[in-house]
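The values are calculated or read from the model by the stated rules, or taken from the named source; none is laboratory data. If you're wondering where the values come from, they're calculated on a predicted model, not measured in any experiment. Using ideal geometry, Cβ is built from the backbone for each residue, glycine included, and neighbour counts are taken over all protein chains shown. Ligands, DNA and RNA are excluded from the accessible area calculation, which covers all protein heavy atoms including side chains. Shrake-Rupley method; radii C 1.70, N 1.55, O 1.52, S 1.80 Å.
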Amino acid sequence: MDKKDIKSMFFEEIFEDMSKKFIESYRVCQVYDWITKGTASFDDMTNLPKALREELKLSYRFLGVRIKEKKVSLDSTVKYLFSLYDEEVIEAVIMKYKHGYSMCISTQAGCKMGCAFCSTGKGGFSRNLFPSEMISQIETAQRDLGIKISNVVFMGMGEPLDNYSNVIKFLKLITSPDHLNIGARHISLSTCGIVDKIYSLAREKLQITLSVSLHAPNDGIRSKIMKINNKWGVNELIASCKHYTQQTNRRISFEYVMIKDVNDSLDSANELGKLLQGMLCHVNLIPLNNSLSCEWQTSSPNDIYRFKNVLEKYKINATVRRTLGKDINGACGQLRYNRTQIGG
Ligand code: SAH
Ligand code: SF4
């Protein structure tokens, strides 16, 4: 029998499972208490009898991440290369803001979506991460840096909605008060636009922020840079976003990577303005970061501000994103799958 991944289980699941083994309730509570404190071995659960620890080891295992490499940038952004139990490698980034520490985590080893401007997409896809492996990214960084992570963004490797059930379970675990207790409003899930899953997410009624990587105002441009657009076009995507805001009353954040002579013209700005006018949303304009074998350049600062001004004429709130950790390739789209060293 396969051992169960205990850090990916809800308290109720552990309770039910252990009750069948005639383990007393107060012992189950002790085990869960250790798990939520970040303990990753039964041997460390010192208030349990040795015999019980040995018994538990036969049925359960701890999946987590190990630090393989760590880089600290000049702006004190920290980037980790983590290895998983099967030697797959993922990356995560911690950024310090005025309001606390924000961590950008990975949800998959690699990514299937193949967006043309993104390094992760270039490396191909290996596998989905389990909830335990996502939790462990946060716990490992907290322990290593002696900090508490207050915000989580799903902007590392992978497409979170392509690993839907594990990501939802992870969200439910880390937001629960007896676990990491991270406020749902401090979590942003970023997607390239897996439309059927946006409808599913709306039904979950979580208070998280949804970020949608739109990057183009029409199908012509979007299909050129994002393969997913051939499956769900811009209109279908926007319809799912409108549904999401109606169901949750939460503002959507649209990500828009500024690529010189591809999506940064005045026409594109006007088209985007018309598309999003009247929606409960915010637009983040992101200067394109250098990525693997991508021939495009970022738009000039002038063109980015010109674009922003046009959006404001349509009463759309837009900000230009500051890029942190550029010197260590920790910025968006620079995370890449590489077994030997931190990308770059
Ligand atoms: N797969 C999800 C989340 C991970 S990517 C998604 O696509 O939304 C996180 C963000 O980085 C996305 O908005 C993505 O479009 C952006 N990104 C990817 N490559 C980039 C690059 N070279 N420069 C700037 N942003 C990039
Ligand atoms: Fe995958 Fe997001 Fe990169 Fe696209 S931008 S390839 S969806 S990680």
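Of all the criteria given as (1) out of contact with any Ser or Thr (no Cβ under 7 Å at 6 or more places or on another chain); (2) open to solvent by less than 20 Å² (accessible area, probe 1.4 Å), the one not satisfied by residue 85 is (2). Could you check, for the stretch 121-137, whether at least one of its residues is within 12 Å of ligand 2 (Cβ to nearest atom), surrounded by 22 or more Cβ atoms within 10 Å (Cβ to Cβ) and either under 15 Å from the mean Cα position of the chain (by Cα) or at pLDDT 95 or above (or both)? Yes, there is a match, as at least one residue in the stretch 121-137 is within 12 Å of ligand 2 (Cβ to nearest atom), surrounded by 22 or more Cβ atoms within 10 Å (Cβ to Cβ) and either under 15 Å from the mean Cα position of the chain (by Cα) or at pLDDT 95 or above (or both).
Looking only at residues in the stretch 19-49 that are charged (D, E, K, R) and not in a loop (DSSP other than H, G, I, E, B), the one that is least open to solvent (accessible area, probe 1.4 Å) is 27. Here 16, 12 are screened, and the one residue that is within 34 Å of the chain's Cα centre (by Cα), exposed (fewer than 12 other Cβ atoms within 10 Å of the Cβ) and farther than 20 Å from residue 85 by Cα is 12. For the stretch 252-301, filtered to residues that are of a type in the set (Asp, Glu) and open to solvent by less than 20 Å² (accessible area, probe 1.4 Å), the residue that is nearest to ligand 1 (Cβ to nearest atom) is 255. When 104, 29, 111 are screened for being modelled with pLDDT of 95 or more and either more than 16 Å from ligand 1 (Cβ to nearest atom) or not assigned by TED's automatic domain parsing to the domain that holds residue 189 (or both), only 29 passes. Only one entry of 7, 57, 70 meets the criterion of being part of a helix (DSSP H, G or I) and within 21 Å of the chain's Cα centre (by Cα), and that entry is 7.
Selection of first residues in the stretch 147-159 that are open to solvent by less than 30 Å² (accessible area, probe 1.4 Å) and acidic (Asp, Glu) and of second residues that are assigned to a loop (DSSP other than H, G, I, E, B) and within 12 Å of ligand 2 (Cβ to nearest atom), restricted to Cβ pairs under 9 Å at least 6 apart or on distinct chains, gives the following pairs, ordered by first then second residue: 159/107; 159/111; 159/112; 159/113; 159/192; 159/194.
Annotation note: Cβ proximity below 8 Å between a residue of the stretch 223-238 that is within 14 Å of ligand 1 (Cβ to nearest atom) and a residue that is of a type in the set (Phe, Trp, Tyr) (sequence gap 6+ or interchain) occurs for 225/117.
Screening residue 173 with (1) within 23 Å of residue 289 (Cα to Cα); (2) more than 13 Å from ligand 1 (Cβ to nearest atom) gives one miss only, at (1). The residues of the stretch 191-231 that are within 22 Å of residue 272 (Cα to Cα) and surrounded by fewer than 19 Cβ atoms within 10 Å (Cβ to Cβ), listed by number, are 218, 219, 220, 223, 224, 227, 230, 231. Number of residues in the stretch 107-120 that are open to solvent by 10 Å² or more (accessible area, probe 1.4 Å) and in contact with a Ser or Thr (Cβ under 7 Å, 6 or more places away or on another chain) equals 3. Among the residues that make up the stretch 174-190, is at least one of them surrounded by fewer than 20 Cβ atoms within 10 Å (Cβ to Cβ) and either of a type in the set (Phe, Trp, Tyr) or within 16 Å of ligand 2 (Cβ to nearest atom) (or both)? Within the stretch 174-190, one or more residues are surrounded by fewer than 20 Cβ atoms within 10 Å (Cβ to Cβ) and either of a type in the set (Phe, Trp, Tyr) or within 16 Å of ligand 2 (Cβ to nearest atom) (or both).
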